[in-house]
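Before any comments, here is the structure.
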Amino acid sequence: DRRIKGLNRQASDYVGRLDVNPYEWLSFNYRFRLDQKTFNWRIVEMGGTLGPEVAQLSGTYLFVSKHAGTPENNNISQANFTFSSHFTKHWTFFAKMIKNFHKRTPAETRQGLDNHHGILSKGVGLAYRDDCFGLSLAVTRQNYRSVDVKPATVVMLSLWLKNLGDYP
């Protein structure tokens, strides 16, 4: 929909971002998108990180209005939580969880549907990184449901080579 995306020389929505990093072990970020006519929230994202690399907690809350062009015209409201521990020079342990705050509609409750409610995914992993390459093994339980997607446990092995592709 061209009207929503601000094309054809129409004014776009207002966007903003604020990053605050008062200490090496503490950071906050806030991003938003406001409708240019009504000033209603279209997208709000806020998050932060707390702690040193040896024991670090981070999280992000995301709200996307159904008026921002979401699939199925539903609001999205979810949080992502991560704990990571860079416990040696090259090794990091991490645990992640994505929680959905979207409430079931009365129709979903009557039909016994549990699509995209509660914990969307959770998992743990271990990563090794040095100056030349990185290797990560993660196990994640994904609870997403749709017509062609069923809950699954995913085991992923990732390899990064410096100067070839993405090397975080």
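Readers should treat all values here as calculations from the given coordinates under stated rules, not as data from a laboratory. Bear in mind the structure is a predicted one, so any value in this text is a computation, not a measurement. Cβ placement follows ideal geometry from the backbone for every residue including glycine, while neighbour counts extend to all protein chains displayed.
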**Message:** Using a 7 Å offset from the Cα along the Cα-to-Cβ direction at both L57 and N40, what is the distance between the two label points in nm, to one decimal?
**Reply:** 3.5
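By how many nm would the segment from W25 to T70 lengthen if fully extended, with 0.36 nm per residue of separation less the alpha-carbon distance? Kindly include the intermediate steps, with their values, before the conclusion.
Details: separation 45, 0.36 × 45 = 16.20 nm, distance 3.44 nm.
Difference between extended and current length: 12.8 nm.
Among the listed pairs K66/K96; K37/K96; K96/K150; K37/K150, which have their C-alpha atoms separated by more than 29 angstrom in this model? Show your work: numbers first, answer last.
Details: K66/K96 26 Å; K37/K96 38 Å; K96/K150 20 Å; K37/K150 40 Å.
K37/K96; K37/K150, as the Cα separations exceed 29 Å there.
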**Message:** Between L161 and L126, what is the label-point separation in nm under the 7 Å Cα-to-beta-carbon projection?
**Reply:** 2.5
**Asked** How about K89: which lysines have a C-alpha closer than 19 Å to its C-alpha, ignoring those fewer than 8 places off in the same chain?
**Response** K162
**Request:** Find the centroid of the Cα atoms in region 23-46 and in region 126-144, then give the distance between the two in whole Å.
**Result:** 29
**Asked** Any idea how far apart T82 and V139 come out in nm if each label point goes 7 Å out from Cα toward Cβ?
**Response** 2.1
**Request:** Among the chymotrypsin sites (Phe, Trp or Tyr not before Pro) in region 18-105, which ones are in a DSSP loop with at most 16 other Cβ atoms within 10 Å of the Cβ? Mind listing them?
**Result:** W25, F39, F87, F101
